[in-house]
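Here is the structure we will look at, set down as C-alpha cells.
The values are calculated or read from the model by the stated rules, or taken from the named source; none is laboratory data. Predicted model only: the values in this text are computed from it and were never measured. Ideal geometry is used to build each Cβ from the backbone, glycine not excepted, and the neighbour counts take in all protein chains shown. Surface accessibility is based on the protein's heavy atoms, side chains included, excluding ligands, DNA and RNA. Shrake-Rupley method; radii C 1.70, N 1.55, O 1.52, S 1.80 Å.
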Amino acid sequence: MNVDTDTNRAPGTSATAAATPVADVRRPRRVPGWAAPAVVAVLLLTLPFSTLPLPGVLEGTLNSPATLHLLATCLVFGGLATSYDLLYGRVGLLSFGHALYFAAGAYLAALLMGTLELPLLWSALIAVVSGTALSLVLGAVSLRVSGIALAMVTLAFAQAGSILVIRDPGRLTGGEEGLSLNPDTVPGAFIGVVNTVNLYWLAVAYAAVAVGVVWWLGATPVGRVWRGIRANEQRVSVLGVNPYPYKLAAFTVAGGLASLGGVVYLLVAGGVTSAITTAEFTLTLLVMVSLGGAGTRWGPLLGAVVYTYVDHRLLQLAASDVFDTLPSAVRAPLSQPLFILGTLFVLLVFFFPGGLTALPGRVRAALRDRGRATTAP
Amino acid sequence: MSTVVLLVVTGLGLGALYFLIASGLSLIFGLMDVLNFAHGAFLSIGAYATWWASVHLPGAGPDGLGFLVSVAFGVAAGTLAATLVELGVIRPLYGRHREQILVTVGLSLAVPALVQAVWGADPLQFPRPALVSGTVPLLGAAIPTDRFLLIAVAALVLVGLLLFGSRTRYGLIVRAGVEDRAMVTALGIDVRRSFTLVFAIGGAAAALAGALGGLYFGVITPFQGTSLLIFAFIVVVIGGTTSTVGCAVASVAVGLIQQFANYYTVAGLGDIAVVIVLAAVLLTRRGGLAGVTAGRVA
C-alpha cells in the first residue's frame, strides 16, 4: 500500500522528475503547488451562493439547507479522516480507537454546554484541550507496543470509552439515546434551518484546519521523521532518532484534531449519539481513508466526502421504494449498510489498492503500456 | 461465600469462552501476523449454524445426541468458512499484513450484517439440552450447569491444542513458523498449508465458542461475536500474543476480573476494569505476559 503514495512533496521537488527524463516521461508539472488548494477553496467557498440544481445527485439546489447540511457532514468527516490518516497513512500507525477522541470532543462539549451551561467558545476550548490530553495519555500507553498489538490496545481503550458512554453509569451521557445540543448556550447564528449555511462555513473551516495542519506538519522535519518511521521504524532508531516521541506527537495531534472535529460535528448534527463511539465508526474512517488513498494529500478528504455522500444516498434509496422491486435475496443484504461497507472494503483492497487518488496514475500507466505495445510490437 | 463461588464459576465459564476465541486468534496472529477481525464472523456463523441445524437438520435437535449433531454441524460450518476465507482472500494477499487485516475487517462487518439480513436483528432463542439446563448446588451456591460444560470443553480444547503443538508434525511446523517463519520457509517446508490448517482450527474453535456462547447467554444475536472478539483481543495482548498457555491464563484472569468487578461495583465497570488491567500490563510488562509483541511491526 505504501508504494507510490508519497505525493506529499514540496512544490519545488517535482523539478527532479523533470531533470531525469529517462525515468519519467511525463511533462514537467507547470501548475504551481498552491493551485489545487486554491481551486478547491474557491469552489467550496462559492458553493452556498450557487442555486444550481443537480437532479439525481442532490435533492434540492446547491444552496438548499438539506444539501448544505449534507455537504457540512461530508466536510466534517473529511477533516476527521484526514486526522486519522495522519496516523495511518503518514506514520503507519494502525489505530482502531480514533473514534474515542472524536466522541470525547463531541460529548464533553455537549455536557459542558448542557449541564454546566458554559458558552460555546469555552466548552469547545475545554473539550478540545481535554480530548488532546486524553489522546496524549492513552497514546503514551498504547505506543509502548507497535504494529498489530497497537491496533488491539487502541481498540480496547476506545471500547472502554464506548461501554462507558452506552452503559452510562453516571447518568450523564444519555446512553444509546445520546445528548442533544443545548440551544441556549450556542450563538443564534448556528441555530435553525436558515442558518445551515453558517454551519457549512464552520465545517469548511474545520476541514481546512485539519488538512492545513496535516500538510504543514508533513512538510516540517517532524514530517520527514514520520515518513521514515512509516518506511522503516527500525532504521530510524538505528540512525539515532528515538521514534517514540515522534509517534506520540502524531497520536496527540491526530487526537486533538479529532476532538475539534467532534465539537464541530456536535454543532452540525445538533447532538451526539453513541454510534460515533463504536469500533465500527473507526473502521468507517479506515474505509474512507482507504477509499480515497492513504497517505496522499487529498485522498482522506475525498474518500470521506465520497463515502459520506454515497452512504447518505443509499439510506435514502433504502427508505424509498427503489429496492422493493428487487427479489428479497438481493434486497435484504442491500438494506444492511454494514454489509455494503464491508463488501466495499474487501473489493477496495483487491481492486483499488491506493484508492481513488491513485486511479488517474493507474489509468495513465495502463494507457502508456498499451501505447508502448502498439508502437513497439 | 456462595456468591463468591458463583462468581468464580461464572467467571471461569466466561474465561472458557474467551479462551476458545482467543486461542485461534493468537495462533493465527503468531503464525501469520494477521489480526483476524473475521474471527467474530466465524463465531456468528457457528452460532447460527448450530441454531439452524437444531431446528432444520434431520437427526439434530435440542437434546442429547441431537444437540451434539447440531454443534458438530455448527463447527463444521465455521471450519469451512475459515478455510474458504483463508484460501479466497487471505492467501492472495500473502505477505501484505496490512491488507490482510483490512480484508478481515471488511468480512467482520459484512458477514454479521448478512446474518442479520437473513435472520433479523432480534435475539434468537438458543436450544438448550435438558442435561445442562438446570443448576447444580456447589458449596451453597446454585451454579448453572452449562458453566461446567463450558469449562470442560475449553479444558479439552486447551489439551488438544497443546497435544497438537507438541505431538504432531503440523504442530511442529506451526510452532517453528511462529518462532521464525523465514527459516522454516527456507528449509523447504510449505508454511502456507499450515496457515490454512491454523485458520481452519481457529474457525472451528470460534464456531464452538459461538455454540457455547449461545448456551451461556441463552440467545444469539448477529453481532454477539464482535463484542466478544474485543475481549478476546485484550486476552491475546495480555497473554503475550503467541503462547497458548499464556492465552488460557489471561482468559481466566479477564473472565474473573470482569465478573467480580461487575458484581461488586457498577455494572459495566467490569469491562472497564479489564481495560485498566490491560494498560497496567502494558506499562509494567512491555508486550504482554509473554513479551513477544514488542518487536513486531505491522
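Some observations on this one:
- Peptides A:256-266, A:150-160, ordered by how many other C-beta atoms sit within 10 Å of their residues on average, highest first, read A:256-266, A:150-160.
- Put a plus charge on the Cβ of each Lys and Arg, a minus charge on the Cβ of each Asp and Glu, and nothing anywhere else: the dipole of the protein assembly as shown about its Cα centre is then about 2300 debye.
- Rg/Rg_ref, the protein assembly as shown, where Rg_ref = 2.2 N^0.38 Å and atoms are Cα: 0.99
- Taking all Cα pairs closer than 8 Å and separated by 6 or more residues, the relative contact order of region A:168-282 comes to 41 percent.
- Ordering A:96, A:164, A:346 by the projection of their Cα atoms onto the charge dipole of chain A, which places +1 on the Cβ of Lys and Arg and -1 on the Cβ of Asp and Glu, puts A:346 at the extreme positive end.
- Remark: chain A carries 46 Å² of accessible area per residue (probe radius 1.4 Å; ligands, DNA and RNA excluded).
- Estimated from helical segments only, the mean residue ellipticity of the protein assembly as shown at 222 nm is -22500 deg cm²/dmol, where each DSSP H run of four or more residues counts as -39500 (n - 2.57).
- Across peptide B:129-139, the average count of Cβ atoms from other chains found within 10 Å of a residue's Cβ is 0.
- Its Cα centre serving as origin, region A:200-335 has a Cβ charge dipole (Lys and Arg +1, Asp and Glu -1) of approximately 620 debye.
- Shielding by other protein chains, A:343-351, mean Cβ within 10 Å: 6
- Peptide A:85-97 is shielded by partner chain Cβ atoms: per residue, an average of 1 of them sit within 10 Å of its Cβ.
- Taking B:79, B:221, B:50 in turn, the Gaussian network model of chain B (Cα-Cα springs below 10 Å) assigns the largest fluctuation to B:221.
- Candidates B:139, B:176, B:152 compared by Cα position along the dipole of region B:136-196: farthest toward the positive end lies B:176, with charges placed on Cβ.
- Between chain A and chain B, the total buried accessible area stands at approximately 4100 Å², from heavy atoms with a 1.4 Å probe.
- Region A:324-369: C-alpha gyration tensor shape, a/c 1.5 cut-off, then a/b vs b/c: prolate
- The share of accessible area on region A:61-375 that comes from carbon and sulfur is 68 percent, using a 1.4 angstrom probe.
- Loop-located trypsin sites (Lys or Arg not before Pro) in region A:77-173 whose Cβ has at most 10 other Cβ within 10 Å (DSSP): A:171
- Using the Cβ-Cβ distance between residue A:129 and residue A:38 with R0 = 41 Å, the FRET efficiency computed as 1/(1 + (r/R0)^6) comes to roughly 0.80.
- Rolling a 1.4 Å probe across the protein heavy atoms gives region B:1-284 an accessible surface of 37 Å² per residue.
- Here's the picture: a label point sits 7 Å out from the Cα of residue A:184 along the beta-carbon direction, and within region A:116-144 the residues with their amide nitrogen under 11 Å of it are A:116-118.
- Nearest-0.05 FRET efficiency for residue A:117 and residue B:193, computed from C-beta distance (R0 56 Å): 0.30
- In summary, chain B shows an alpha-carbon radius of gyration equal to 0.98 times the 2.2 N^0.38 Å reference for compact globular proteins.
- The mean sequence separation of alpha-carbon pairs under 8 Å and at least six residues apart, normalised by the residue count of region B:1-284, gives a relative contact order of 37 percent.
- Accessible surface comparison of B:99, A:177, A:280, probe 1.4 Å, protein chains only, largest first: the order is A:177, A:280, B:99.
- For residue B:219, nonlocal amide neighbours, meaning residues 5 or more places apart or on other chains whose placed amide H falls under 5 Å from its own, are B:126.
- To put it simply, the accessible area of chain B at a 1.4 Å probe is 70 percent carbon and sulfur.
- When only the Cβ of Lys, Arg, Asp and Glu is charged (+1, +1, -1, -1), the dipole of region B:1-284 relative to its Cα centre reaches about 440 debye.
- Mean sequence separation of contacting Cα pairs (under 8 Å, at least six apart), scaled by the length of chain A, corresponds to a relative contact order of 27 percent.
- Chain B: most fluctuating residue of B:41, B:77, B:113 per GNM, C-alpha cutoff 10 Å: B:113
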